[in-house]
Amino acid sequence: MSKPKYLGVTPPVDTSQSSEEEEALANDLLSILKSEGQFESEEERKNREVVLGKIDKMVKEFVYRASLKHKLPESLASACGGKIFTFGSYRLGVHGAGADIDTLCVVPSHVTRDDFFDIMVGMLKERSEVTEITPVPKTYVPVIKMQFSGVDIDLTVAVLQQPTIPEDLELFDNNILRTMNSTCVRSLNGSRVTDEILRLVPNIATFRLALRCIKLWAKRRAIYSNPMGFFGGVAWAMVVARICQLYPNKCASTIVTRFFHVLSRWRWPTPVLLKEIESGPAHFQVWNPRLDRGDRDHRMPIITPAYPSMCATHNVSQSTKQIIEMEVKRGLIIVDKVMQHETTWRDLFEKDEFFRRYKFYLQVNVSSTDGDVQHGLHGFLESRVRQYVTRLETTGQFVLIHPYIKSYDHDFVCKSDEEAQRIRAGFLPVQQEAPALVPDEKSINVPTPAVPEADQDNMEESSDSESKDRDGKAEKDDSNSSGDTGKIYTSAFYLGLLLTERDRSPAGKRRMDLSLPTQEFIRLVKESTVWDDETMTISIRFLRQEQLPDEVFGGMSRERLHYLSSSK
Ligand code: 3AT
Ligand code: MN
Ligand code: MN
């Protein structure tokens, strides 16, 4: 049987070329992306190449040293090789200025992951170009994070089951996964997936320009974050790649337009696939909703093309799905106008209105007394917030729980215990001019989660002082009230809330009870091995829009845009 002449799981929708007009719009898109600072400078590009060259050399030297350590004779050790591969946005060719380079080192079977975190880290530390080196050996994909000549590098490692790593080694053969341990398979996966995506798009230059546009759109609209339950870089890349397959000869402007058309009509949970899911030589589990209950729960499945295929969007929740769909609808209206020359691409990239959109917000604050610890705590919380979202969703009290992809981070030097406690509870210091956040006495040190009560009606009556008194209560963990002075590092995450119209009491007031999901979430966070009750605090506050700190408006007016309303 001859192979089909197209890329993808179905024939293309349209194989015609773009019109001249569409080509012109693709050029506009390119200029706008440039003016938005989406491309690195020539100097930066060269610097990255120099850095990668140096890392590649170091990896070969590392393999050599590790081989000698494992008692290989010098002649064999010097022939063991070693090679680097890049993946992520740099490999796809869609990285912005200042993006990291995700780099994978591939080493022969006698070299171990421990060698990597011992010998390689040691070698890197000796280099004057290397700063801020942080080995993270015990995680899903172990990584060395560092700055190399000012370039952000994520360095991972995979041990291949072969005695040498030749310079022309490729990673697409599924057989290299045979007998490999799962950590190495995961480490290889990033690189195998990016390479496969590039192999599966009909025109790489078009794909790149369209993807740059979609990435910028998704970031500006705050729907770019895998941990928070939106799509991450790989997922957006796969959707754009699929559109490229369906319109193989169109230019980037048409791909972007089709992207919004196709996505807005996509019948989820039909998966987005770039090719048929392969079964492989090893025993690794691949995405299969027929066999796996968890896979069946994926709301917007986008499946990675390299064996073992996985769902890149398993974090999407009921709420984040709705938000993505809402943004796709907005994008659709704009791209159609762009095509009609009624507006420009810039409209697509307008910043989100998250903080002007909802009447009520939850503010999740985590703090610690050590900057390095806070960095890890921040990442940990970022990966957990969606579990709070899911718990809140199950209460049935909300139409939508909207997690914001970005947190607001600070460090403070506290002069008193009292100040430290306020900051830990999420109140910015008074000198930061956050009058709406200056709490009343009662709102501090509430030992159990406060139960906010809110009035869904009378949205315009938000200055009502009576309701203000009840709002903005803080749930405070006060287990360590002494020794609070000194430096405190804080991160605040936000959830926008859209309440259901149900369960209204006769007086028209409704009671919102968030204590159960909140308690459960806090317990979950505190049960983690990451958590240290001595040095960390978590507090959750319920805020009305007008109680949000100035910083979230970032110079924009505080003026309300519009509230999303469940009644429309
Ligand atoms: P940037 O341009 O760097 O923002 P990117 O797509 O390169 O976008 P990352 O550098 O965060 O994004 O990630 C690159 C790849 O590394 C994507 C994914 O295959 C892998 N990866 C990232 N984070 C994780 C993680 N926590 N666990 C497993 N794999 C990850
Ligand atoms: Mn990256
Ligand atoms: Mn990275």
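The values are calculated or read from the model by the stated rules, or taken from the named source; none is laboratory data. All of these numbers come straight from a predicted model, not from anything done at the bench. A quick note on method: Cβ atoms are made from the backbone with ideal geometry, for glycine too, and the neighbour counts reach across all protein chains shown.
Only one of the numbered conditions (1) closer than 26 Å to GLU21 by Cα; (2) without any contact (Cβ under 8 Å) to a residue 40 or more places away in the chain is not met by LYS329, and that is (2). THR103 falls short on exactly one of the conditions (1) surrounded by fewer than 22 Cβ atoms within 10 Å (Cβ to Cβ); (2) part of a strand (DSSP E or B), and that condition is (1).
For the stretch 108-123, residues that are away from ligand 1 (no atom under 16 Å from the Cβ) and within 29 Å of THR529 (Cα to Cα) total 10. Does GLY150 meet the test of being exposed (fewer than 15 other Cβ atoms within 10 Å of the Cβ), in the same structural domain as THR183 (by TED's automatic domain parsing), at positive phi and touching a residue at least 60 places away in the same chain (Cβ under 8 Å)? Against the criterion (exposed (fewer than 15 other Cβ atoms within 10 Å of the Cβ), in the same structural domain as THR183 (by TED's automatic domain parsing), at positive phi and touching a residue at least 60 places away in the same chain (Cβ under 8 Å)), GLY150 qualifies.
The set of residues in the stretch 44-93 being in contact with an Asp or Glu (Cβ under 7 Å, 6 or more places away or on another chain), closer than 27 Å to VAL201 by Cα and free of Cβ contacts under 8 Å to residues at least 60 places away in the same chain consists of ILE84, TYR90.
To keep it simple, each residue is scored yes or no on (1) crowded, with 24+ Cβ neighbours inside 10 Å; (2) more than 18 Å from TYR90 (Cα to Cα); (3) of a type in the set (A, V, I, L, M, F, W, C); (4) under 17 Å from the mean Cα position of the chain (by Cα).
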site: GLN162; (1), (2), (3), (4): no, yes, no, no
site: ASN174; (1), (2), (3), (4): no, yes, no, no
site: ARG178; (1), (2), (3), (4): no, yes, no, no
site: THR183; (1), (2), (3), (4): no, yes, no, no
site: ARG212; (1), (2), (3), (4): yes, no, no, yes
site: GLY232; (1), (2), (3), (4): no, no, no, yes
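Residue-wise test of (1) part of a helix (DSSP H, G or I); (2) of a type in the set (D, E, K, R); (3) closer than 29 Å to GLN318 by Cα; (4) within 16 Å of ligand 2 (Cβ to nearest atom).
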{"site": "PRO202", "(1), (2), (3), (4)": "no, no, no, no"}
{"site": "LEU216", "(1), (2), (3), (4)": "yes, no, yes, yes"}
{"site": "ASN249", "(1), (2), (3), (4)": "no, no, no, no"}
{"site": "VAL256", "(1), (2), (3), (4)": "yes, no, yes, no"}
{"site": "SER264", "(1), (2), (3), (4)": "yes, no, yes, no"}
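Taking the residues in the stretch 94-106 that are in contact with an Asp or Glu (Cβ under 8 Å, 6 or more places away or on another chain) and within 12 Å of VAL157 (Cα to Cα) as candidates, determine which candidate is farthest from ligand 2 (Cβ to nearest atom). Selected residue: THR103. For the stretch 185-203, check the following and say yes or no: at least one residue is hydroxyl-bearing (Ser, Thr, Tyr), away from ligand 3 (no atom under 16 Å from the Cβ) and either within 18 Å of GLY233 (Cβ to Cβ) or not assigned by TED's automatic domain parsing to the domain that holds ILE324 (or both). Checked against the condition, which is being hydroxyl-bearing (Ser, Thr, Tyr), away from ligand 3 (no atom under 16 Å from the Cβ) and either within 18 Å of GLY233 (Cβ to Cβ) or not assigned by TED's automatic domain parsing to the domain that holds ILE324 (or both), the stretch 185-203 yields no hits at all. Could you tell me how many of the residues in the stretch 93-143 are of a type in the set (A, V, I, L, M, F, W, C) and either more than 20 Å from LEU160 (Cβ to Cβ) or within 16 Å of ligand 3 (Cβ to nearest atom) (or both)? Residues flagged as of a type in the set (A, V, I, L, M, F, W, C) and either more than 20 Å from LEU160 (Cβ to Cβ) or within 16 Å of ligand 3 (Cβ to nearest atom) (or both) within the stretch 93-143 amount to 14. Being within 28 Å of ASN249 (Cα to Cα) and part of a loop (DSSP other than H, G, I, E, B) is a description that does not apply to ASP28.
Restricting attention to the stretch 534-560, the residues that are in contact with an Asp or Glu (Cβ under 8 Å, 6 or more places away or on another chain) and not hydroxyl-bearing (Ser, Thr, Tyr) total 9. Screening the stretch 73-91 for residues that are away from ligand 1 (no atom under 16 Å from the Cβ) and among the hydrophobic types (A, V, I, L, M, F, W, C) and picking the one that is surrounded by the most Cβ atoms within 10 Å (Cβ to Cβ) gives CYS80.
When you scan the stretch 375-383, do you find a residue that is touching a Gly at 6+ places or on another chain (Cβ under 7 Å) and not polar (S, T, N, Q), even just one? Scanning the stretch 375-383, I find no residue that is touching a Gly at 6+ places or on another chain (Cβ under 7 Å) and not polar (S, T, N, Q), so the answer is no.
Taking the stated definitions as given, is ALA222 at pLDDT 95 or above, part of a helix (DSSP H, G or I) and out of contact with any Cys (no Cβ under 7 Å at 6 or more places or on another chain)? Answer is no for this residue.
Considering the stretch 124-156, the residues that are among the aliphatic types (A, V, I, L, M), out of contact with any Pro (no Cβ under 7 Å at 6 or more places or on another chain) and within 14 Å of ligand 1 (Cβ to nearest atom) include one that is nearest to CYS184 (Cα to Cα), namely VAL141.
So in the stretch 318-346, with the set limited to residues that are closer than 16 Å to PRO403 by Cβ and hydroxyl-bearing (Ser, Thr, Tyr), which one is modelled with the highest pLDDT? Within the stretch 318-346, the match that is modelled with the highest pLDDT is THR320. Of the helices (runs of 4 or more DSSP H) lying entirely inside the stretch 285-399, none contains at least 2 residues that are more than 23 Å from the chain's Cα centre (by Cα) and of a type in the set (Phe, Trp, Tyr). Looking across THR164, THR156, one residue alone is within 16 Å of ligand 2 (Cβ to nearest atom), in contact (Cβ under 8 Å) with a residue 40 or more places away in the chain and among the polar types (S, T, N, Q). It is THR156. Residues that are free of Cβ contacts under 8 Å to residues at least 12 places away in the same chain and either more than 15 Å from ligand 1 (Cβ to nearest atom) or outside the structural domain of ALA99 (by TED's automatic domain parsing) (or both) occur in the stretch 217-233; there is at least one.
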